[in-house]
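See below for the structure under consideration.
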Amino acid sequence: MSLSLRLLAPLCAGVLALAGCGGGGDGGAPSAQPDAPAPLPAAVTMSAAAGSASHVSLSWRGGSTGQTWRLERRAGESGAFTPVADVDSGAGLWMDAGLGADTAYRYRLTRADGSVAATADARTGSDAARVTPAPQPAGDAVPLPFTPDTRRLALADGALALSLPAGAFSQAGTATVQPVSNPLPDGVGTGFALSLPERPAQPLRLSLRYGMNESADDVTSDRLAVQQADGSWWLLPLAARGEGERLLTVDLPVSLWPQAVTAQALQAHQTALPTPTAKLHVVRVKAHKLLPASASVRVLGSQRFVPVSIYTVSDNISCDSPADGDICIPTPVLRDVTMPVRNTKAGYQRQWELQDSTTPAPALGALAAESGSGVVYTAPAQVPATNPLTLRFTSTHVASGRRLVLSAQVRVVEDAWVGELEGSLGVPGAVHRFPTTTRWTLDPGQSTATRRVYLPTSGEARHIYTVSDPVCTHSVSPRQLPLSQADTSGKLVVDESVTPVRYTLELHTHWNSVWSMVCPTGSASSAAAGGYDWDAQGEISAGRIQGLEVVLGGVRSWSLERPQ
């Protein structure tokens, strides 16, 4: 929970001093005029939000750039405040680290005269921030010299640019930019290590450029994350998103940079201190995504998709002009945490689309938005001509017009089983084997959502006759034939209403055969029946239907799986 308080300085009324009149007569000193009211200090608002077990983000408005205030905190409801940092009252952002889990903190900003400008409360949670080792170099470092009057640094290809406000640096120096690996699971591409010769005195503005081949809609879910000295990663509010220039832009708070090396120390030890001395890593990350990002759905089957955020946002934090209405303060990236995005929220327009339509054609399938978060896609009875399909979730912040677009690919696949059945009959020395390949296809007319019926639609049967006879040669015809030319019937029923899923299997194949025998003294042939009958049931295990049985006069087996 967080609390924002607005504190106004007390109004100091002027004291009216009246002079007395001396001697007789009606002349005298004029009466004193009332003093003009003293100007009110600017109203200051301050917010605090706990983003993890050890971090609190602070933001404030109402100060003046260049004016130093002191940020202090205390743990609990009482006790002394201790200094956190001297801050520029106009900076507006601070990221406090190294705090205790599940602990209430009070923060306050005090002016130079000791008066309290604003206070805010926050209680840390129990979720750990994601921590990784520092990213590894992925390219050569590029030096970027500057002076105190330099206002912009940029790589030659425009992949990274840095805006420097007046007063950010006390002296000339050289920044370095180096490509680095991206260690975050939802990271996008490579990142950058940014090194400076001193800690900046003002927030800097950083822009990263995304590729020309990247969809602007896809990039709406991207944010920039920076790594602090403790290894934690923080998402920063987007200060701007330039679709024309393909830029993602953030402000880098002063609190991001290590405090160990100051400008004064550099001035005193220019030859002793190596440069650069202040360093951070910045990477792109998918702050939102659809789960799953892609899926294969059987005809008439269903799949649930849920939009999630990889960070938590306090509903108590108020943003004046949020870039997307979802993040306006530095927010730690939490360890393995995803938060569902609701289908409805005040101030937003949210909708689901399949192939750019909120009411897709029945041949493409159907969408059913859930009451909380997510949508259920149900595939049609046949694989559509357009395949795969694109599913989109769009959230538009009404006040700003900013959009968040998340997409997933849906491939509709035929609902089928394929595999082989085999049966054998005979006596020692004379065995008939019937290996049969089959493809079982869903019958929509007999199927329901949990009871799916498959019919043998194609395959091939073989008849292998083996006889131990050293004198005569024995054969059978036909030795193989398509199931469509045989008298074939049966069904495979899969019951998905139970766990584990169960099946029943029946297959009957019959055809007319001719058995022949050729001996040195002559030959003979006779008509006979060919084919075999299978009847089995059991549980589906690891996505397979399989079994083996010993029956009177032989053995039968079966093994089916989904087509690849």
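Read-outs: derived from the displayed coordinates by stated rules, not from any lab. Here the structure is a predicted model, which means the values were calculated and not measured. Cβ atoms come from the backbone with ideal geometry, glycine included; neighbour counts cover every protein chain shown.
Tabulated data for the structure shown
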read-out	value
Distance in nm between pseudo-label sites at Gln355 and Thr437 (7 Å out along the Cβ direction from Cα)	3.2 nm
FRET E, pair Val413, Ser559, Förster distance 22 Å, beta-carbon r, rounded to 0.05	0.60
Cβ-Cβ FRET estimate between Ala542 and His510, R0 fixed at 45 Å, reported to 0.05	0.85
Kirkwood-based Rg to Rh ratio, region 288-413, C-alpha trace	1.02
Per residue Cα convex hull volume in Å³ - calculated over region 359-473	178 Å³
Residue-averaged 222 nm ellipticity for the chain, from DSSP H runs of 4+ at -39500 (n - 2.57), nearest 500	-500 deg cm²/dmol
Net length gained if the chain between Ala529 and Glu245 were fully extended (0.36 nm per residue, minus Cα distance)	94.6 nm
Hydrodynamic radius of region 142-286 per Kirkwood, over alpha carbon pairs, in Å	15.7 Å
Overall Cα dimensions of region 416-561 - principal axes, largest extent first, Å	64, 28, 19
Over region 368-422, relative contact order from alpha-carbon pairs under 8 Å, at least 6 apart, %	30 percent
Contact order relative to length of region 344-452, as percent, for alpha carbon pairs under 8 angstrom and 6 or more apart	20 percent
Length released on extending from Arg462 to Ser475, taking residue separation times 0.36 nm less the Cα-Cα span	3.4 nm
Length-normalised contact order for the chain - Cα pairs under 8 Å, 6+ apart - percent	9 percent
Label selected from [x] 147; [y] 278; [z] 202, the criterion being volume of the Cα convex hull per residue in Å³ as computed here	[y]
